[in-house]
Amino acid sequence: MTLKGGATSACAACKYQRRKCIPECLLAPYFPADQTKVFQNAHKLFGVSNIVKILKSLDPSQHAEAMRSIKYQANVRDRFPVYGCLGVIRHLYYQIQLLEEEFHAVLTQLEMYRQHHHQQQQQQQISSMADDVISQLELGMAPPTNALPLFNQMTQPYAMQNSYSSYMDSPKDSVENNSLWIQHLFLDTNNHTTSNNDSPIAIQSQLLLPNSEPLADAQDYDEIHPFFDSIDDRQSYIESKDAYDSTSSEESLKDATESMVENVADNELKSAAACFSLTSVN
Amino acid sequence: MASSSYSNPPCAACKCLRRKCLPDCIFAPYFPPEEPQKFINVHKIFGASNVSKLLNDVAPHQREDAVNSLAYEAEARVKDPVYGCVGAISVLQRQVMRLQKELDATNADIVRYAYNEMPQPPPAAASHYGRRSTAGHAGSFDQNSGFCYPSQWNNNDPSGDNESGSL
């Protein structure tokens, strides 16, 4: 019922109930006169008295949010008379499950790509280093004629140096890759999710574990490589390690190789060359 | 009015409403006397008459599902009078958006690896959210199935809803 005297028209609730819309009408701010369908949905599900009861049980500062949720719930019930908001919730759970499965599969695929890329880089670096060592030998180190087969045969005693070269590679790559995973982990921790074994946080924490092993082993390199103590290579190693951290891995390895070659004796040079000619792929 | 010893015990609805539970009581199949709180919540939030009308508008084979969904919504509203079950929808929608963005970012990394490029770690986590993603579009989840769920609850629209029923 519209008011006389040019006053504002009744809200949709009072219009529906055919009563005078007083200024203190609780529902007027939330059911404007032009939204009759919204009010009808809310009235059909809750009823005016129940809505007013809910509003009166709340602080006035919460009325707006409460009415927003009531209208949303009523509209959803109007669209889906059987399941209402429960249907929406179930659908969202299903979406989350699908997304998590897809995310897990994509992470696995990304890990495969990363490992493949890493192996390719390692092989390229080792082959370039081997070329450098061989060229150094050819420049006047007077190696034996069967030098190359010797390099290939010297595998077992120098497994530690062999693994050492991979450790030289792994910290930098692991740091880069860990930063990638940590980014995802950071994104997860920013938005807390319910605990779930399949949650992205669980998946990524598991993925972090394989990357941590090379880092831990690289820290023990001083203890397991007395070879480098004898040749006083620690300083050059430390310099080369800094180089790995700052420059491209390929160039820094090349520089490190050259510095190491200059400081070693002949037979130790062969051992080092054998080390770099062998590929240790985990 | 003496109750016949052969009549069924009154359903939770009729017990709560203190009336005789007739054989054709619409509530009886869905509100057993062993679950009184279920009807109490539904009656408190929606009202028995509204529930009765809603059940009459629904096919008989769907009434049980309708009652269960109403009971769920009523219980949620009793526990959280401000948001009710819509609070759960909000949380889940945000989770879906976040997962979609992470998926987009990871797919982008795979594309880079496929083209033999090393993915550069972004300077901040926010850069991931700057990527183009398919998330966040209202009602976009089920476009293929043709069943479009309501738009994002998280869209702040303090002015209210339009008559189409979406936020």
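The values are calculated or read from the model by the stated rules, or taken from the named source; none is laboratory data. These figures come from a predicted structure and were not determined experimentally. Reconstructed Cβ throughout: ideal geometry from the backbone, glycine too, with neighbour counts over all protein chains shown. Please note that ligands, DNA and RNA were not included when accessible areas were found on the heavy atoms of the full protein model with its side chains. Shrake-Rupley method; radii C 1.70, N 1.55, O 1.52, S 1.80 Å.
Results, tabulated for the structure shown:
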quantity	calculated
Some residue of segment A:14-35 being within 7 Å of chain B (Cβ to nearest Cβ), on the phi < 0 side of the Ramachandran plot, in contact with a Pro (Cβ under 7 Å, 6 or more places away or on another chain) and surrounded by 15 or more Cβ atoms within 10 Å (Cβ to Cβ)	no
Residue in segment B:66-81 that is farther than 21 Å from B:Phe31 by Cα and either open to solvent by 40 Å² or more (accessible area, probe 1.4 Å) or touching a residue at least 12 places away in the same chain (Cβ under 8 Å) (or both) present	yes
Selection count, segment B:45-58, where residues are within 9 Å of chain A (Cβ to nearest Cβ), among the aliphatic types (A, V, I, L, M) and under 18 Å from B:Cys25 (Cβ atoms)	2
Residues located in segment A:36-86, provided they are among the hydrophobic types (A, V, I, L, M, F, W, C) and within 7 Å of chain B (Cβ to nearest Cβ)	A:Val38, A:Leu45, A:Phe46, A:Ile54, A:Leu58, A:Ala64, A:Ala66, A:Val76, A:Val82, A:Cys85, A:Leu86
Listing of helices (runs of 4 or more DSSP H) fully contained in segment B:50-167 that carry 2 or more residues being within 23 Å of A:Ile54 (Cβ to Cβ) and modelled with pLDDT of 50 or more	B:63-79, B:86-114
Meets criteria (in a helix (DSSP H, G or I) and more than 7 Å from chain B (Cβ to nearest Cβ)) for A:His104	yes
Count of segment A:43-71 residues which are in contact with a Leu (Cβ under 9 Å, 6 or more places away or on another chain), closer than 14 Å to B:Lys53 by Cβ and either open to solvent by less than 30 Å² (accessible area, probe 1.4 Å) or in contact (Cβ under 8 Å) with a residue 40 or more places away in the chain (or both)	1
Counted residues, segment A:72-96 - those being touching a residue at least 24 places away in the same chain (Cβ under 8 Å) and open to solvent by 30 Å² or more (accessible area, probe 1.4 Å)	1
Among (1) modelled with pLDDT of 95 or more; (2) open to solvent by 10 Å² or more (accessible area, probe 1.4 Å); (3) of a type in the set (S, T, N, Q) - the single one A:Thr2 does not satisfy	(1)
